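Reviewing the structure listed below.
The values are calculated or read from the model by the stated rules, or taken from the named source; none is laboratory data. None of these values were measured; they are calculated from a predicted model. Every residue, glycine among them, receives a Cβ derived from its backbone with ideal geometry; neighbour counts consider all protein chains shown.
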Amino acid sequence: MPRIVVIGALVYDLVFDVSDWVQPNRAVHACGLTISPGGKGLNQAAAASLLGAEEVRLVGCVGDDIFGAEMVAALQEAGIDTAHIHVHPDARTSIAAIIVREQLPGFIGAPDASRRVSKSQIRAALADLRPGDVLLVGFEVPQPLVAYALRLGRAAGASTVVNPAPFFTRDNFVIDYLPLVDLLIPNKLEAQLLMDGESDDVEQLGCGLLHQGVGRVLLTLGEAGSVLYEPGGKIVQPAFPVEAVDTTGASDAFAGAFCLGLARGWGSTQSLAFASAAAGLTCAKPGTMTALPARSEVDGLLANAQLDLSARVLDCME
């Protein structure tokens, strides 16, 4: 089976479930606390591995501390190749406080080691990339490194996938390398930023990104599900109705699951349904890596699902 290589961050997550947002000079007691390995890169790699990918490699950095050691151990237990996760003695492992109110998260990040990924580290991790492998890169690493990885991936004949998150401001540099992207997986806001806010119309965003040179655009739309735009048309996938607890990490489960479909050579419709089911199930549990579903859970949801194409359910992928 082709290899899946993910380049991104490893972040130790503390997820607080609260009844109200924190205000100045006020204390808020959490209703619950989940401590879990996280970070988009880690979650995406773990999702792919837990769902059945036979060979997953994660490229990232941690500090020389207990948080980093615990995350690497959890990844190894999940069957992920951690040989290209570097331990920096002079950096702290990245930590995030995730505040969840009414199933919707807010984030406070303290990145450090996760920003230490280097060009030489990426070059070594991709040296044995083969045709048919899948390379997934996010915006947790600097833009020049995203472009560098994509060039190496394209030269090796791998399928290049970009999840442009976290993404807060438009950077013209991004537009320059979009033709190196075989599959782009943005949410609506990220698509608008990539298109410089020209439109909030989903159809125009999807088609506009195709015109920028992207091979395919998989737009996640929260309660409206997702839409895959291809040069020959589009495929619409509704979201799965779930009893949502915490939407944190659902978009990462979606990306990791879809990359598994790419590696397995599945058709677009099968991959979309599989990814949507994985994202929905992630919403039903608190935490990040700890909330990712097993393959048996996804298969069970798909087998029992009776999807109503007109249904609109809770945002699980924004």
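Taking residues in region 204-217 that are of a type in the set (S, T, N, Q), and partners anywhere that are modelled with pLDDT of 90 or more, the pairs with Cβ atoms closer than 8 Å and at least 6 places apart or on different chains are Gln212/Leu178; Gln212/Pro179. Going by the conditions given, is Ala127 under 25 Å from Tyr148 (Cα atoms) and without any contact (Cβ under 8 Å) to a residue 12 or more places away in the chain? Here the answer is yes, as Ala127 does meet what is asked. Taking region 239-291, which residues are at positive phi and more than 12 Å from the chain's Cα centre (by Cα)? Gly265, Gly287, listed by residue number. Name every residue in region 221-276 that is assigned to a helix (DSSP H, G or I), touching a residue at least 24 places away in the same chain (Cβ under 8 Å), among the hydroxyl-bearing types (Ser, Thr, Tyr) and within 24 Å of Leu42 (Cβ to Cβ), in order of residue number. Answer for region 221-276, where residues must be assigned to a helix (DSSP H, G or I), touching a residue at least 24 places away in the same chain (Cβ under 8 Å), among the hydroxyl-bearing types (Ser, Thr, Tyr) and within 24 Å of Leu42 (Cβ to Cβ): Ser251, Ser276. Of everything in region 53-70 that is over 17 Å from the mean Cα position of the chain (by Cα) and within 28 Å of Phe274 (Cβ to Cβ), the residue that is modelled with the lowest pLDDT is Glu54. Among the strands (runs of 3 or more DSSP E) confined to region 41-125, the ones with at least 3 residues that are surrounded by fewer than 24 Cβ atoms within 10 Å (Cβ to Cβ) are located at 85-88, 94-101, 104-110. What about Leu136, is it under 19 Å from the mean Cα position of the chain (by Cα) and more than 19 Å from Gly215 (Cβ to Cβ)? Taking the combined requirement at face value, the residue does not satisfy it. Among the residues of region 165-178, is any crowded, with 16+ Cβ neighbours inside 10 Å, in contact (Cβ under 8 Å) with a residue 60 or more places away in the chain and on the phi < 0 side of the Ramachandran plot? Looking for residues that are crowded, with 16+ Cβ neighbours inside 10 Å, in contact (Cβ under 8 Å) with a residue 60 or more places away in the chain and on the phi < 0 side of the Ramachandran plot, one finds at least one in region 165-178, hence yes. Exactly one residue out of Ser19, Ser36 is in contact with a Phe, Trp or Tyr (Cβ under 9 Å, 6 or more places away or on another chain) and over 18 Å from Asn163 (Cα atoms), and it is Ser36.
Within region 139-161, restricting attention to residues that are out of contact with any Asp or Glu (no Cβ under 9 Å at 6 or more places or on another chain) and outside any helix (DSSP H, G or I), the residue that is surrounded by the fewest Cβ atoms within 10 Å (Cβ to Cβ) is Pro142. Of all residues in region 289-306, those that are farther than 20 Å from Lys40 by Cβ have Cβ atoms under 8 Å from Cβ atoms of residues that are aromatic (Phe, Trp, Tyr), 6 or more apart or on another chain, in Leu301/Phe240; Leu302/Phe274; Ala305/Phe240.
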